[in-house]
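Here the structure comes first, spelled out in structure tokens, and everything after it is commentary.
The values are calculated or read from the model by the stated rules, or taken from the named source; none is laboratory data. Quantities reported herein were computed from a predicted structural model and do not represent experimental measurements. For neighbour counting, all protein chains shown are included, and Cβ atoms are generated from backbone atoms with ideal geometry for every residue, glycine included.
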Amino acid sequence: MQRLILTALLMSCCALLTSAQNTNADVYPKVEWFVGISSNHFFYDDSPFEVIPQNIASLFSNHAEGQIGFETSFTRNIYKFLGLKGDFSSYVDRKPQGKTSAGDDFEVNSRTLSFLAGPEIKARNHTRLTPFAHSLVGVARSRSEFKVARIGFSDSHTRIGLAMALGGGVDLRVSERFSLRGMLDYTPTFLGDADPSESGKQKHSRLSLGILFH
């Protein structure tokens, strides 16, 4: 009888431990909010250099080294490994460009906004590191202003087109309420081109660092 009681107690303890582990494994934040700084690198592959200035048609950025801005996103986790994300980013670039053919200094001021949404997959585990990947699609709005100060000339152009973000990153959990996030995306846009023979696709890579609140 003692052996039967001891066996029953051991089985009960094992069942409770297994249940507790399964319950902990299913615990995950329902809502996550990211905010951080972001850098957007622009590739001139689809932008003709003979266009002066290169982005008078608002080709997202006027410097290959990219624009600096911020990014924020809101994720509603449906399951432990799957969530729906809404992403907003904004970039501003104000730098002197050089001289016109007449020798006058000119500059191009660019501002870009993007709204993206899509699924996010997370590899949640029992460590502090949580890798994730996402596939986002939406719209981008790019506006450029061309100025020649000496003669008082200015012009502007705005374009709106399809935008995507394909990539991911990793979260480093600091506490129950927040993590540090690093993220890298390939972010193509389709804003058209000043040259009708070009595809109208612009290629970018986006690097973001910030805090993720759970």
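A few notes on this one:
- When residue 176 is tested against (1) within 19 Å of residue 74 (Cα to Cα); (2) surrounded by 16 or more Cβ atoms within 10 Å (Cβ to Cβ); (3) at pLDDT below 90; (4) among the acidic types (Asp, Glu), just one condition goes unmet, and that condition is (2).
- Test for residue 115: is it modelled with pLDDT of 95 or more and either under 26 Å from residue 30 (Cβ atoms) or hydroxyl-bearing (Ser, Thr, Tyr) (or both): yes
- Scope segment 43-86; condition at pLDDT 55 or above, touching a Leu at 6+ places or on another chain (Cβ under 8 Å) and among the hydrophobic types (A, V, I, L, M, F, W, C); matching residues: 78
- Residues that are of a type in the set (Lys, Arg) and either touching a helix residue (DSSP H, G or I) at 6+ places or on another chain (Cβ under 7 Å) or over 22 Å from residue 33 (Cβ atoms) (or both) within segment 145-184 comprise 147, 150, 159, listed in sequence order.
- Cβ separations smaller than 7 Å between residues 6+ apart or across chains give the following pairs from segment 157-179 residues that are assigned to a loop (DSSP other than H, G, I, E, B) to residues that are modelled with pLDDT of 95 or more and not polar (S, T, N, Q): 174/180; 177/213.
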